[in-house]
Amino acid sequence: MKTARLKTTASTRKPVRARAAKPTRKTAPGAAPRPPAAPPPEESDAARLARAVRDALNEKKAGAPVILDVRGSSGITDFHVLATGNNGPHLKALAAEAARIIKQAPGHGDTRTAGAPESGWIILDGHDIVVHLFSAPGRSFYDLESLWADARRLD
């Protein structure tokens, strides 16, 4: 049976648990080497598509459009595009415009859409990018920017 090591601090003289060192990651013998790092976002087709969607949403007066680069953090997609609509019809128009841009991109067919303008959140799955369109209360409630705080933002 393993017992925990305790140490005391000079200021409190209370026992404090010593932290164990984190194990280092090792690759298994004979494992394939790691693939090279993903190309910078400026070079990828998905980044260009995310920027095109963001620019189109900006032209449609979407509020605070943001692109989050989640490559390496998410196995589902490479980029999240977030934007805010003013009301239900505005969200519907933003979703239609984002779907049109994604459909025109080479290698991308129709997008899968979930949510409704009345719910305050519409999501479009464009494979390499996922577009989140929120009402203002929905965006602050779900707060995806904080969830993906470690993600790099594209200009």
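Of the residues HIS108, HIS127, which single one is surrounded by fewer than 21 Cβ atoms within 10 Å (Cβ to Cβ), in contact with a helix residue (DSSP H, G or I) (Cβ under 6 Å, 6 or more places away or on another chain), in contact (Cβ under 8 Å) with a residue 40 or more places away in the chain and part of a loop (DSSP other than H, G, I, E, B)? Break it down into steps so the answer makes sense when it comes.
Working: HIS127 fails: in contact with a helix residue (DSSP H, G or I) (Cβ under 6 Å, 6 or more places away or on another chain).
Unique residue meeting the criteria: HIS108.
Take the conditions (1) within 14 Å of ARG51 (Cα to Cα); (2) within 18 Å of the chain's Cα centre (by Cα); (3) surrounded by fewer than 19 Cβ atoms within 10 Å (Cβ to Cβ); LEU82 misses just one of them, which is (3).
Can you name every residue in the stretch 64-78 that is at pLDDT 90 or above and touching a Ser or Thr at 6+ places or on another chain (Cβ under 9 Å)?
Going residue by residue through the stretch 64-78, those that are at pLDDT 90 or above are 64-68.
Those that are at pLDDT 90 or above and touching a Ser or Thr at 6+ places or on another chain (Cβ under 9 Å): ALA64, PRO65.
Determine whether the stretch 130-144 contains at least one residue that is outside any loop (DSSP other than H, G, I, E, B), under 14 Å from ALA83 (Cα atoms) and acidic (Asp, Glu). For the stretch 130-144, residues outside any loop (DSSP other than H, G, I, E, B), under 14 Å from ALA83 (Cα atoms) and acidic (Asp, Glu): absent. Would you point out the residue of the stretch 111-124, among those that are of a type in the set (Val, Ile, Thr) and over 17 Å from GLY63 (Cα atoms), that is surrounded by the most Cβ atoms within 10 Å (Cβ to Cβ)? That would be THR111.
Quick one: in the stretch 130-155, of everything that is of a type in the set (A, V, I, L, M) and crowded, with 21+ Cβ neighbours inside 10 Å, which residue is farthest from ALA95 (Cα to Cα)? So the residue we want is VAL130.
The values are calculated or read from the model by the stated rules, or taken from the named source; none is laboratory data. Predicted model only: the values in this text are computed from it and were never measured. A quick note on method: Cβ atoms are made from the backbone with ideal geometry, for glycine too, and the neighbour counts reach across all protein chains shown.
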